[in-house]
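A.B. asks: Take a look at the following structure, please.
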Amino acid sequence: MRLAAYYGDHMLFQSDAPMPLSGWSLPGARVVASDDRATVQTTADAAGHWRLQLPAHAATPSLTLRVESSGHRLLLRDVAIGELWFAAGQSNMAWPMAWIEGRGSDIAAARDPQLRLLSVAPSAWQAPRADAAGTWHATTPQTVRDFSALAYHFGRRLRDALDVPVGLIHASWGGSRIEPWLPAEAYAELAPSNAHLAENPHNRSHAPAALYNAMVHPFTALPVRGVIWYQGEANLADGPHYGPKLEALIESWREAWAAPSLPFLFAQIAPLDYTPYAPNPPPDLLQRFWETQIDVLRVPGTGLVSTLDLNPDRELHPGEKREAGERFAALALQQVYGIGNQAQSPRYRRHRVEGAQVRVEWLHAQGLRSPDGGPPQGFELAGADGVFHPAQARIDGDAVVLTSERVPQPQRVRYAWRATPAVGLVNGAGLPALPFRAPR
């Protein structure tokens, strides 16, 4: 008799949700599970597989679960009940604490028995799996060194704010495209245009559904509070076609978890000259990619973390993982837990042409200002010829008013429309305004 491999001592279950257990025993064997309040039982099927659920618990720092079958008994010790999040993506999500230069003090300070960590072993598979390898750990300097830096700082901030146990399941594959994270059915619905990926021998992980099958599907048996996602660099050349893929991933994961409103928070890929990684790109490829990421916010229950100011060294793997993780946490605290007032970046709402000037209105614009207190930078205007010129800008409440002597009859406006733009506008929380162009 055994449990699925991702069960173990120090694991965490989502509070106020049934606690599912699954594993294998002798075919037809009776399986009994219990905690300090309840006992439930089931019968293994003809293949010896079984599933059952213990009743929901409120947040609890530690308890013991018992499972018995065919004369064998297993104990899960020091099990916590709290807030469970799933973190996935490519290398910027995978980047471990030990690889962040100058952050040794963060590792030394990582001591929290109520922050539970599970890293899913990288794996690809041709069909959905019921099991996945991984070991749960309480947070110590030793266990956090190889854990996702962004996910750790996200969890640490949740722990500070919520004062309940927090669990993080981290499942990432460096360099992975979004397609292998999609269930096969979702990929099939999406992708006549992506059929070539199924035949790509470049990497087994790039086959459709391979990463979903091995690294996501096993965990859909566990209720989670939400998902954080940092991926996109490998799909940069998709430009505006990335958005439908991300929307399909969100919808399909929500279906897999049987949670139609599962919170899904994702990161803007960092500003960088990606020319070496996307041969012969159009001049505004990255900006169009950001644009399609922003478009995905039309899906209810989603949120976007801006990284526009979090890559000062212009690296493919920015070192500012603590800041990114804390932004994810602030967004989760606001949108999921109702804590905090301002966690979203200013976002273009609409604009109006008023003679020789353009008024741009913003969402999430409380305390709108420039970072240095001077006039906002990075705005451009164009007339009927479509040629953009720098604009003078002033803030007026939740709007920015623009003029340009070289564009007396403006028709088009854009902001931060560069691969590595300077941040010229932030809100009261210091979050950078998202790039935009209008009309498109």
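A.B. asks: Six or more apart or on different chains, Cβ atoms under 7 Å: show the pairs whose first residue is in the stretch 326-344 and of a type in the set (Asp, Glu) and whose second is at pLDDT 95 or above.
C.D. replies: If the second residue must be at pLDDT 95 or above, the pairs left are Glu326/His153; Glu326/Arg157.
A.B. asks: For the condition assigned to a helix (DSSP H, G or I) and touching a strand residue (DSSP E or B) at 6+ places or on another chain (Cβ under 7 Å), what is the one hit in Leu304, Leu308, Leu286, Leu331?
C.D. replies: Leu331
A.B. asks: Go through (1) among the basic types (Lys, Arg); (2) under 13 Å from Gly424 (Cα atoms); (3) in contact with a Phe, Trp or Tyr (Cβ under 8 Å, 6 or more places away or on another chain) for Arg349 and report which single condition fails.
C.D. replies: Against the list (1) among the basic types (Lys, Arg); (2) under 13 Å from Gly424 (Cα atoms); (3) in contact with a Phe, Trp or Tyr (Cβ under 8 Å, 6 or more places away or on another chain), Arg349 comes up short only on (2).
A.B. asks: Right, here's the next one. Identify the residue in the stretch 89-145 that is within 14 Å of Trp173 (Cα to Cα) and assigned to a loop (DSSP other than H, G, I, E, B) and, among all such residues, is farthest from the chain's Cα centre (by Cα). Spell out the reasoning first.
C.D. replies: Pass one, the stretch 89-145, residues within 14 Å of Trp173 (Cα to Cα): 89-96, 119-125.
From the residues that got through so far, the ones that are assigned to a loop (DSSP other than H, G, I, E, B) too are 90, 95, 120-125.
Values: Gln90: 10, Trp95: 14, Val120: 16, Ala121: 18, Pro122: 18, Ser123: 19, Ala124: 20, Trp125: 22 Å.
Selected residue: Trp125.
A.B. asks: Of all the residues that make up the stretch 46-62, how many are more than 19 Å from Ala4 (Cα to Cα) and either surrounded by 17 or more Cβ atoms within 10 Å (Cβ to Cβ) or without any contact (Cβ under 8 Å) to a residue 24 or more places away in the chain (or both)?
C.D. replies: Residues flagged as more than 19 Å from Ala4 (Cα to Cα) and either surrounded by 17 or more Cβ atoms within 10 Å (Cβ to Cβ) or without any contact (Cβ under 8 Å) to a residue 24 or more places away in the chain (or both) within the stretch 46-62 amount to 4.
A.B. asks: On to the next question. Tell me, which residue of the stretch 68-82 that is over 15 Å from Tyr6 (Cα atoms) and in contact with a Leu (Cβ under 6 Å, 6 or more places away or on another chain) is modelled with the lowest pLDDT?
C.D. replies: Looking at residues that are over 15 Å from Tyr6 (Cα atoms) and in contact with a Leu (Cβ under 6 Å, 6 or more places away or on another chain), I get Ser70.
A.B. asks: If we keep just the residues of the stretch 226-267 that are in contact with a Pro (Cβ under 9 Å, 6 or more places away or on another chain) and of a type in the set (S, T, N, Q), which is farthest from Glu83 (Cα to Cα)?
C.D. replies: Here the residue is Ser252.
Okay, residues lined up against (1) open to solvent by 10 Å² or more (accessible area, probe 1.4 Å); (2) modelled with pLDDT of 95 or more; (3) not in a strand (DSSP E or B):
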{"position": "Leu211", "(1), (2), (3)": "no, yes, yes"}
{"position": "Trp229", "(1), (2), (3)": "no, yes, no"}
{"position": "Pro244", "(1), (2), (3)": "yes, yes, yes"}
{"position": "Ile250", "(1), (2), (3)": "no, yes, yes"}
{"position": "Ser261", "(1), (2), (3)": "yes, yes, yes"}
{"position": "Asp273", "(1), (2), (3)": "yes, no, yes"}
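A.B. asks: Moving on. What tally of residues in the stretch 409-420 results from selecting those that are touching an Asp or Glu at 6+ places or on another chain (Cβ under 9 Å), open to solvent by less than 30 Å² (accessible area, probe 1.4 Å) and among the hydrophobic types (A, V, I, L, M, F, W, C)?
C.D. replies: The total comes to 2.
A.B. asks: Could you tell me which residue of the stretch 377-394 is farthest from the chain's Cα centre (by Cα), considering only residues that are hydrophobic (A, V, I, L, M, F, W, C) and open to solvent by 20 Å² or more (accessible area, probe 1.4 Å)? Break it down into steps so the answer makes sense when it comes.
C.D. replies: Of all residues in the stretch 377-394, those hydrophobic (A, V, I, L, M, F, W, C) come to 379, 381-382, 384, 387-388, 391, 393.
Still in the running and open to solvent by 20 Å² or more (accessible area, probe 1.4 Å): 384, 387-388.
Working: Ala384: 40, Val387: 37, Phe388: 34 Å.
Ranking the qualifying residues of the stretch 377-394, first place goes to Ala384.
A.B. asks: Being more than 13 Å from the chain's Cα centre (by Cα) and crowded, with 17+ Cβ neighbours inside 10 Å is the filter here, so list the residues in the stretch 154-177 that pass it. Spell out the reasoning first.
C.D. replies: Going residue by residue through the stretch 154-177, those that are more than 13 Å from the chain's Cα centre (by Cα) are 156-167, 173-177.
Answer for the stretch 154-177, where residues must be more than 13 Å from the chain's Cα centre (by Cα) and crowded, with 17+ Cβ neighbours inside 10 Å: Arg156, Arg157, Leu158, Arg159, Leu162, Val164, Pro165, Val166, Gly167, Trp173, Ser176, Arg177.
A.B. asks: Same structure again: Can you name every residue in the stretch 24-53 that is polar (S, T, N, Q) and assigned to a loop (DSSP other than H, G, I, E, B)?
C.D. replies: At the first step, the residues of the stretch 24-53 found to be polar (S, T, N, Q) are 25, 34, 39, 41-43, 53.
Across the stretch 24-53, the qualifying residue is only Ser25.
A.B. asks: What number of residues within the stretch 353-376 are outside any strand (DSSP E or B), open to solvent by less than 50 Å² (accessible area, probe 1.4 Å), among the aliphatic types (A, V, I, L, M) and touching a strand residue (DSSP E or B) at 6+ places or on another chain (Cβ under 7 Å)?
C.D. replies: Result for the stretch 353-376: 1.
A.B. asks: Can you say whether Gly424 is part of a loop (DSSP other than H, G, I, E, B) and either polar (S, T, N, Q) or open to solvent by 10 Å² or more (accessible area, probe 1.4 Å) (or both), as far as the supplied structure shows? Break it down into steps so the answer makes sense when it comes.
C.D. replies: On the way: part of a loop (DSSP other than H, G, I, E, B): yes; either polar (S, T, N, Q) or open to solvent by 10 Å² or more (accessible area, probe 1.4 Å) (or both): no.
No, not satisfied.
A.B. asks: Which of (1) at pLDDT 95 or above; (2) out of contact with any Pro (no Cβ under 7 Å at 6 or more places or on another chain); (3) outside any loop (DSSP other than H, G, I, E, B) does Ser193 not meet, given it meets every other one?
C.D. replies: (1)
A.B. asks: Let me ask something additional. So is Arg406 at pLDDT below 95, surrounded by fewer than 21 Cβ atoms within 10 Å (Cβ to Cβ) and not polar (S, T, N, Q) or not?
C.D. replies: In short, no.
A.B. asks: Condition check: in contact with an Asp or Glu (Cβ under 8 Å, 6 or more places away or on another chain), open to solvent by 50 Å² or more (accessible area, probe 1.4 Å) and at pLDDT below 95. Does Arg349 satisfy that? Step through it out loud before you land on a result.
C.D. replies: Numbers: in contact with an Asp or Glu (Cβ under 8 Å, 6 or more places away or on another chain): yes; open to solvent by 50 Å² or more (accessible area, probe 1.4 Å): yes; at pLDDT below 95: no.
No.
A.B. asks: Can you list residue pairs whose Cβ atoms sit under 8 Å apart, with the first residue in the stretch 1-16 being in contact (Cβ under 8 Å) with a residue 40 or more places away in the chain and the second being of a type in the set (Asp, Glu) and open to solvent by less than 50 Å² (accessible area, probe 1.4 Å)? Count only pairs 6 or more apart in sequence or on different chains.
C.D. replies: Taking only residues 6 or more apart or on different chains, the pairs are Ala4/Asp131; Ala5/Asp131; Tyr6/Asp131; Asp9/Asp78; His10/Asp78; Gln14/Glu83; Ser15/Glu83.
A.B. asks: Another question, if that's okay. Arg418 is checked against (1) without any contact (Cβ under 8 Å) to a residue 24 or more places away in the chain; (2) basic (Lys, Arg); (3) part of a loop (DSSP other than H, G, I, E, B) and fails just one. What number does that condition carry?
C.D. replies: It is condition (1) that Arg418 fails.
A.B. asks: Now for a separate question. Collect the residues in the stretch 379-415 that are of a type in the set (D, E, K, R) and part of a loop (DSSP other than H, G, I, E, B), keeping them in residue-number order. First the steps, then the outcome.
C.D. replies: Step one: list which residues in the stretch 379-415 are of a type in the set (D, E, K, R), which gives 380, 385, 394, 396, 398, 405-406, 412, 414.
Once the filter is applied, which keeps residues that are of a type in the set (D, E, K, R) and part of a loop (DSSP other than H, G, I, E, B), the stretch 379-415 yields Asp385, Asp398, Glu405, Arg406.
A.B. asks: Do you know which of the residues in the stretch 293-319 that are aliphatic (A, V, I, L, M) and open to solvent by less than 10 Å² (accessible area, probe 1.4 Å) is farthest from Ala429 (Cα to Cα)? Please lay out each step first, then the result.
C.D. replies: Restricting attention to the stretch 293-319, the residues satisfying the condition of being aliphatic (A, V, I, L, M) are 294, 296-297, 299, 304-305, 308, 310, 316.
From what is left, the residues that are open to solvent by less than 10 Å² (accessible area, probe 1.4 Å) are 296, 305, 308.
Details: Val296: 23, Val305: 13, Leu308: 14 Å.
So the residue we want is Val296.
The values are calculated or read from the model by the stated rules, or taken from the named source; none is laboratory data. Owing to the predicted nature of the structure, the values given are computational and were not obtained by experimental measurement. Neighbour counts run over all protein chains shown; Cβ positions are idealised from the backbone, glycine included. What goes into the accessible areas is simple: the full protein's heavy atoms, side chains included, and nothing from ligands, DNA or RNA. Shrake-Rupley method; radii C 1.70, N 1.55, O 1.52, S 1.80 Å.
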